[in-house]
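Asks: One structure is given below, represented as structure tokens, and several questions about it will come after.
Only the coordinates and a few stated rules stand behind these numbers; no lab work does. Quantities reported herein were computed from a predicted structural model and do not represent experimental measurements. Counting neighbours? That spans all protein chains shown, and the Cβs are built from the backbone with ideal geometry, glycine included.
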There are 2 protein chains.
Amino acid sequence: MSFRERLKNIVEQVDGAIGALIMGYDGIPIDECILPDVSLDVQLLAVEYATLLKEIKRTVDVLKTGGMEEVSISTGELRVVIRALNEEFFLVLLMVKDGNFGLGRYLLRLNASVFREMLQD
Amino acid sequence: MSFRERLKNIVEQVDGAIGALIMGYDGIPIDECILPDVSLDVQLLAVEYATLLKEIKRTVDVLKTGGMEEVSISTGELRVVIRALNEEFFLVLLMVKDGNFGLGRYLLRLNASVFREMLQD
């Protein structure tokens with residue numbers, strides 16, 4: 001299964017999910033699956049979140065409580081769940097605010113190891 | 001009930017919780033309840049997270065998907081859950097990594113409106 005197929009799989013399984021991406025800290029997605037009717041500027045979001053994730057990583061490193069594993073940020077309309085894959089890449093799930101957060105987190109965790117292996121090949 | 005009593009209440013109810021704080025974006029806590037055997041440098045954590053939260057707020061504002069409501073950051077050893085109270089203050093719950101994340105989030109949400117009212121008095 002390709003990156004995109006796996007991302008699509010996650011988006012289809014989670015109620016309220018609107019997209020999923022694998023991307024680097026440089027803000028450039030490796031691959032993505034975004035539902036066609038989504039009005040969000042995903043490119044802007046990717047760039048902004050990449051910058052933010054670098055800042056979060058820096059903070060986490062300062063506090064020395066283990067490496068960054070998962071970040072979630074909820075706003076009035078959107079929930080973004082992020083799972084670190086390795087030093088270079090992370091997995092992002094975008095969902096509407098009342099989407100199935102629990103299942104989304106679970107599927108990111110479950111798929112993270114597969115994506116990690118795929119990224120090493 | 002005082003700020004501290006309410007914070008203590010949250011910490012005592014959540015399995016794996018090690019502390020809770022109300023703090024401002026300037027990194028200075030209004031009040032806190034930290035379990036006595038916690039080795040974490042809470043003051044450093046408060047300062048670092050305040051800086052980070054400002055950065056997250058900026059990103060969220062750029063993306064225009066509603067105001068910041070909840071942030072959670074999980075590392076190898078620690079889970080930090082944050083709920084925005086108003087433009088000045090936020091509520092922080094610190095827990096060990098396998099603490100009861102769901103209950104922690106729920107209690108922060110439940111108590112946020114009470115803290116908001118207390119902060120206005």
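Asks: Starting from a label point 7 Å past Cα on the Cβ side, list the distances from A:Glu5 to the same position in the other copies, nm, shortest first.
Replies: Its label point is 6.1 nm from the equivalent points in the other copies.
Asks: Let me check against my output: what whole-number percent is the relative contact order of the stretch B:1-98, with C-alpha pairs under 8 Å and at least 6 apart? Walk me through the numbers before you get to the answer.
Replies: Working: 150 pairs, mean separation 28.9, N = 98.
Normalised by residue count, the contact order of the stretch B:1-98 is 29 percent.
Asks: Provide a whole-number value for the mean count of partner chain Cβ atoms within 10 Å of the Cβ atoms in peptide A:53-59.
Replies: Averaged over the peptide's residues, the number is 4.
Asks: Measuring nothing but label to label, 7 Å from Cα along Cα→Cβ, what are A:Arg109's distances to the other copies in nm, shortest first?
Replies: Result for A:Arg109, in nm, nearest copy first: 1.8.
Asks: Place the label 7 angstrom along Cα→C-beta at A:Val96 and in each other copy, then list the distances from the first to the rest in nm, shortest first.
Replies: Nearest first, the other copies' label points are 3.9 nm away.
Asks: Non-local amide H neighbours of A:Asp31 (under 5 Å, H modeled in plane, Pro and chain starts lacking H): which ones?
Replies: A:Ile22
Asks: Quick test of the membrane-span-like rule: which DSSP H helices of chain B reach at least 20 Å along their long axis (C-alpha atoms) with mean Kyte hydropathy at least 0.0?
Replies: Details: long enough: B:42-63 (31 Å, 0.68); B:101-120 (28 Å, 0.28).
Helices meeting the span and hydropathy rule in chain B are B:42-63, B:101-120.
Asks: Let me ask something additional. Looking only at other chains, what is the average number of their beta-carbon atoms within 10 angstrom of each beta-carbon in B:37-49?
Replies: That works out to 2 on average.
Asks: A further question follows. So for the protein assembly as shown, what percent of the C-alpha to C-alpha distances run longer than 30 Å?
Replies: 23 percent
Asks: Please work out how many pairs of lysine residues in the protein assembly as shown are eight or more positions apart (or on different chains) and have Cα atoms closer than 22 angstrom.
Replies: 16
Asks: In the neighborhood of A:Val96, defined by Cβ-to-Cβ distances under 14 Å, what is the net charge if each Lys or Arg adds +1 and each Asp or Glu adds -1?
Replies: -3
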